[in-house]
Structures are given as C-alpha cells and as structure tokens.
Amino acid sequence: MHDQRLLQRVDPYEHEDAFGFLSRVATANHLKDACQIIGHCTGNSVGTMKYKDISKIAYFCLNTTSEISQLSGIELARSEGNRIWQVSGEQISKAAFLCFRNSRVCPQCLADETYIRGCWSLTLYTVCAIHKTKMIDECPACLKKIKWDRPSVLHCLCGTDLSLVSPEKAGPHELLLSQLIAQRGLAHIKPIHSALLDYKHIEQLSKLSLDGLCKTIWFLGHCIGNLGKYGSGHGSKILSLYEANTVISQALDLLQAWPNRLGARLDELSLRQPSNSTDSLINKLFGPAQYYLHESLQSQELHFIRTAYEQFIARIWKGCYPEHIPREDKVQLEFAWGLI
Ligand SMILES: [Zn+2]
Ligand SMILES: [Zn+2]
C-alpha cells in the first residue's frame, strides 16, 4: 500500500492551511477526509501534519516537497513540551496563538477561492483583513461550531454552503490587528491608517515577527489586561472569538499613548490586595504577567515592551508604595529590582 499514490493532483495555494489542503485533496480523490490521508502516510491519524512527514505526504499526493513544506499549520519541531509551528511562512511558538480545532472562516474569501487561508488558524486573527468582516466559527443554519475536520472546506456538516453566510462588519480594533497580521503574507494589504494608534506605533508593530506581534498582544491584552481574572493555567487556554476580541481591544488600548496607559494600568493593579500565597509580593500582584515576561518576551524585538513594563514596576516600588504592602516585602522587592 505504501507505494500507492493518488490519481488526482491538487495545486496548493501559497500559505494555504495544510489540513485544509489535504481536505481538498481528499475530496478530489473521493477519499473520506484529510485524516485518512495523514493516517495512510504516517500511520497516525491525529490530524496534524509534522515536518518529518512532508515528503511522504507530498509523494502520495503527487506534489513536490517544496509545495507541501510552505503550507501553514505544519508542526516544525517539538522538544521538551515546546512546539514550533509554521503559519504564513513564519514560526509560531505558542499553542495558545493557534486555534486549529476551532475552525474559523471568512465566507467571502471562500466565495472568492475555496481554500482555507493559513492565517485563519491564528487565535488573534478574528476578522478578515480583506473583506473587513468578522470571521465566523458557527454555522447559522445548525447553530453548531464549524468542525475543523469536516470533509468539505466549503460546507458545514449539515450541508450549509459557508460561502453564502453573511458576516457582520468588523470592529476597528480587530481590523487593525488583522491588517497587521495579513500585510506580511498578503501583499495588497497596505498599512494601515487607524485612528486607534499613531503611525509611529503602527510602524513599530508592523516590523515585528508574527510570533512577536502575537506575544505583544497576548502580554498586554491577556496577561496585563485580564490580570486577576484568571487563575494559573490561563496561558494555555484557546480563546473564543469573543475573548480574543476583548484581548485585542485591551492590548491596543494600552498601546495608545504608549507607554503611559500601561503605566496607569500597572499603578491601578499595584493597589489591589495581593493574593494569600507564600510567593514573593511581586508574584502575588503580577504573577502571570511576570512569568510571561521572563519566559516569553526575551527577544530583542520585544525590548520596547520589556523595558516599559520594568521601568513602571520599578517606579511603583520606588515611589508610591501601596499602604497594604508590609515593610519587609518592600525591602525584598527593592532588592529584587536592583533599587538597593
Ligand atoms: Zn475575507
Ligand atoms: Zn451547519
């Protein structure tokens, strides 16, 4: 069976979603679905395409390895619990940035050309940058979530043609972020004038890697924006469209008048009652944000976020101590921040 090849070749689009591509190959060859192709080629039908399997899948599907290796959603590497994926030709380092199992589509894009765009699996890509409308993740006919492993990329399992759905207009925050994401893969999306951020900040965000842009929005909109609202483990949660939009709005709000709003927000957060854990005070107050900063914001391109955050935190502990912080904690913190 391993020398078998399919009969009908399908041309992949640039940065097409790998799983969506295999769904189209399955349809063209009268197979059940993409999982059947992955299962046949790898002996494992989990529905993830791994880098090491590219040549087998390419051979079976009558494609070249370079055609297959540029697809989005391929798992490039995995070590010690960390994984790297490829999306729109760039590397993504956090599972939370990807929503492979929560399928989202732009109906109008599907009407233009029937394939799944790679950037649709980014958690923070919540509206279509081309059509300026909301992505949909639910079928308006059967009211169920659109299944990621549906056999036809165009149809819900109930048979509804997803390209005929009328989506709602995008909000300004989500549109700006989707444009920042899409401009790197789609040449005709031009930056970008928005009343939300001045040109200098839009430029700065435009220059970030896709992973760096996602980390920036995640840190500001989720780690800072939702601080205190989630317990530990929040970092691995895949956000719904609604939750992702909240995170985006909160992040862009802090990026406005950068970095002053971040400073005001951190001041506000420092006045909360710290949790009762035995952790250091800084972790009691800013735990998830601290952890994320040290774990994930260490690259040079994110220096501007790191220095702004650290300067404000240092200022909080130097100048305006909240009343409820005991003296010994203050000393410990000053020491930790290099102030004494
Ligand atoms: Zn679209
Ligand atoms: Zn349906």
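Derivation of every value follows stated rules applied to the coordinates shown; laboratory data play no part. This one's a predicted model, so the numbers in the text were calculated from it and none came from an experiment. We place every Cβ from the backbone using ideal geometry, glycine too, and count neighbours over all the protein chains shown.
Descriptive notes on the structure:
- Sequentially through segment 158-164, phi angles give Karplus couplings (6.51, -1.76, 1.60; θ = phi - 60°) of 7, x, 5, 6, 5, 6, 9 Hz, Gly and Pro residues having no value and appearing as x.
- Listed values for segment 100-107 are Karplus-derived 3J(HN,Hα) couplings in whole Hz (6.51 cos²θ - 1.76 cosθ + 1.60, θ = phi - 60°), namely 3, 8, 10, 5, 10, 9, 9, x, and x replaces Gly and Pro.
- Proximity of backbone amide H atoms, modeled 1.01 Å from N, is registered between GLU138 and ILE146 at under 5 Å, excluding neighbours fewer than 5 places apart on the same chain.
- Computed over segment 72-198, the alpha-carbon pair-distance distribution with 10 angstrom bins reads 13, 41, 33, 12, 1, each value a whole percent.
- Reachable lysines, given that their alpha-carbon falls under 28 Å from the alpha-carbon of LYS32 and they are not under 8 places away in the same chain: LYS50, LYS52, LYS56, LYS144, LYS145, LYS147
- Here the label points at SER166 and SER275, each 7 Å from Cα along the C-beta direction, are separated by 4.6 nm in the simple model.
- Helix-only [θ]222 nm of the chain, DSSP H runs n ≥ 4, -39500 (n - 2.57) each, per residue, nearest 500: -12000 deg cm²/dmol
- Counting Lys and Arg as +1 and Asp and Glu as -1 over every other residue whose Cβ lies under 9 Å from the Cβ of LEU208, the net charge comes to 0.
- Nearest-0.05 FRET efficiency for GLN108 and ALA257, computed from C-beta distance (R0 45 Å): 0.85
- Cut-off under 5 Å, modelled amide H: who pairs with SER280 long-range: none
- Computed as a quarter of the hull surface, the mean projected area of the alpha carbon convex hull for segment 39-144 stands at 8.1 nm².
- Compactness of segment 129-176, taken as the C-alpha radius of gyration over 2.2 N^0.38 Å, stands at 1.24.
- Candidate cross-link partners of LYS169 among the lysines, defined by an alpha-carbon separation under 19 Å and a same-chain spacing of 8 or more, comprise LYS132, LYS134.
- For segment 18-71, a crude dipole built from +1 on the beta carbon of Lys and Arg and -1 on the beta carbon of Asp and Glu, taken about the Cα centre, is about 80 debye to the nearest 20.
- Sorted by Cβ density within 10 Å, fewest first, the residues ASP11, ASP53: ASP11, ASP53
- Anisotropy class of segment 18-71 from Cα gyration tensor, a/c 1.5 cut: oblate
- Relative to the compact-globule estimate of 2.2 N^0.38 Å, the Cα radius of gyration of the chain comes out at 1.12.
- For the chain, DSSP calls about 90 percent of its internal beta bridges antiparallel.
- Modelled spin-label separation between ASP149 and GLN91, with each label point placed 7 Å from Cα along the Cα-to-Cβ direction: 2.9 nm.
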